[in-house]
Amino acid sequence: MHTPPDSPLPELSISPGTTIGAVLNQSPLDAVDARILVCHGLGLTRVQLITQSDRVLGPEEAARLSELFRRRITGEPIAYIIGEREFFGLALHTTPDVLIPRPETELLVELALERLPPQGRMLDLGTGTGAIAIAIAHHRPDAEVTAVDVSAAALEIARRNAARHACAVNLVQSDWYAGLPAGGRHHLIVSNPPYIVANDPHLSQGDLRFEPADALTDHADGLSALRIIVQHAPAYLLAAGWLMMEHGYDQAASVRGLLAAGGFESVQSWRDLAGIERVSGGRYPG
Ligand code: GLN
């Protein structure tokens, strides 16, 4: 469906009797992707993959690996094929109902951990897999973490991930703040909202084609979710509480502008490992 009919897929049917080593050597896939899929398909660890490289595949195993390779060649993201992605050292269930956790979002977790006081109350808006909320709750079991998402399917994934890591996260179905009880205030609000501009060509390329559009784009100028989050944050923050949001590579100045106009202080942006201003935030004086 994602491959034009005039570009034939590489021949990838794996024959029974092939060794694991030969499957890896002859694979048309990226070498790391091929190793991940073979480990997943055969239930092997990375060490077993090496020590069992002379093992010969049976018919059922060969068919299973052929199907996994076929899915990857049509462009399906590895995280969706194996149903999992690691974030901040935690393996998270990941399905097409939720955005695939990204390494750059770990910056937001680090900044939040630096600012959350003992027994701190924290709100994660648009939690998806639950990645941000669960990473924080895992490192700070004393914290009171609430995570919201408008998608019931996303909340179910987040619930499974929280249970998997024995994290107490209060999950609420809510369109940003709309479903939250009035008067609940937090030391910290964090969010990785949809911020890609409508019709950005990246939305129809690579892994993004397979991710939920509503988790990627606001279907507008890219700032509409960020605007709502900034506008209503003061009603949900304790005095001197922080709001920090992930945003696109070219949105830092705009988001700092929203924060300053909204009465936030200490407004600043932080760079990700690629050197891009990726998170902006400020402190609400109260
Ligand atoms: N960082 C993601 C990307 O550019 C977008 C995630 C988001 O919209 N929150 O692929």
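The values are calculated or read from the model by the stated rules, or taken from the named source; none is laboratory data. For clarity, every value in this text was computed on a predicted model and none was experimentally measured. Note: ideal-geometry Cβ built from the backbone for every residue, glycine included; neighbour counts use all protein chains shown. Please note that ligands, DNA and RNA were not included when accessible areas were found on the heavy atoms of the full protein model with its side chains. Shrake-Rupley method; radii C 1.70, N 1.55, O 1.52, S 1.80 Å.
So the values come out like this:
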| read-out | value |
| --- | --- |
| The chain - percent of accessible surface contributed by carbon and sulfur, probe 1.4 Å | 53 percent |
| The stretch 80-175: trypsin sites (Lys or Arg not before Pro) falling in loop per DSSP and having at most 13 other Cβ within 10 Å | none |
| Solvent-accessible heavy-atom area per residue, rounded to whole Å², over the stretch 96-233 at 1.4 Å | 42 Å² |
| Whether the stretch 85-225 is rounded, prolate or oblate, judged on the alpha carbon gyration tensor where a/c under 1.5 counts as rounded | prolate |
| Nearest 10 degrees, 0 to 90: helix 59-73 Cα axis against the chain principal axis | 50 degrees |
| Residues of the stretch 262-281 with amide N under 12 Å of a point placed 7 Å along Cα→Cβ from Arg102 | 272-274, 276-279 |
| Relative pair counts by distance (%), Cα atoms of the stretch 153-240, 5 Å bins | 3, 11, 17, 19, 19, 17, 9, 4, 1 |
| Selection of chymotrypsin sites (Phe, Trp or Tyr not before Pro), the stretch 168-251, meeting DSSP coil and at most 14 other Cβ within 10 Å | Tyr249 |
| Inter-centroid distance (Cα atoms) of the stretch 169-206 relative to the stretch 219-236, Å | 9 Å |
| For the chain, built as a Gaussian network whose Cα springs stay under 10 Å, the top-fluctuating residue of Ala63, Ala154, Ala143 | Ala63 |
| Relative contact order for the stretch 177-245, counting Cα pairs under 8 Å that sit 6 or more residues apart, in percent | 50 percent |
| Farthest toward positive dipole pole in the chain [+1 Lys/Arg, -1 Asp/Glu at C-beta], among Ala166, Met245, Pro59 | Ala166 |
| Label-point separation in nm, Arg46 to Arg115, each point 7 Å along Cα→Cβ | 3.4 nm |
| Distance from the stretch 49-70 to the stretch 87-148 (C-alpha centre basis), Å | 36 Å |
| Percent antiparallel among DSSP beta bridges (both partners in the chain, rounded to 5) | 45 percent |
| Loop sites in the stretch 39-93: chymotrypsin sites (Phe, Trp or Tyr not before Pro), DSSP, at most 14 other Cβ within 10 Å | none |
| Candidates Leu258, Leu208, Leu57, ranked by Gaussian network fluctuation over the chain, Cα under 10 Å, top entry | Leu57 |
| Phi-based couplings in Hz for the stretch 142-147 (Karplus 6.51, -1.76, 1.60; Gly and Pro marked x) | 6, 6, 9, 9, 10, 10 |
| Simple label model, 7 Å out from Cα along Cβ direction - Ala260 to Ala63, nm | 6.4 nm |
| Rg to Rh quotient for the chain, alpha carbon positions, Kirkwood Rh | 1.04 |
| Orientation-averaged projected area, Cα convex hull of the stretch 147-198 (nm²) | 4.7 nm² |
| Gln231-His202 pseudo-label distance in nm [points 7 Å out on the Cα-to-Cβ vector] | 2.5 nm |
| In order through the stretch 93-101: 3J(HN,Hα) via Karplus (6.51 cos²θ - 1.76 cosθ + 1.60), integer Hz, x for Gly, Pro | 4, 9, 10, x, 6, 9, 4, 6, x |
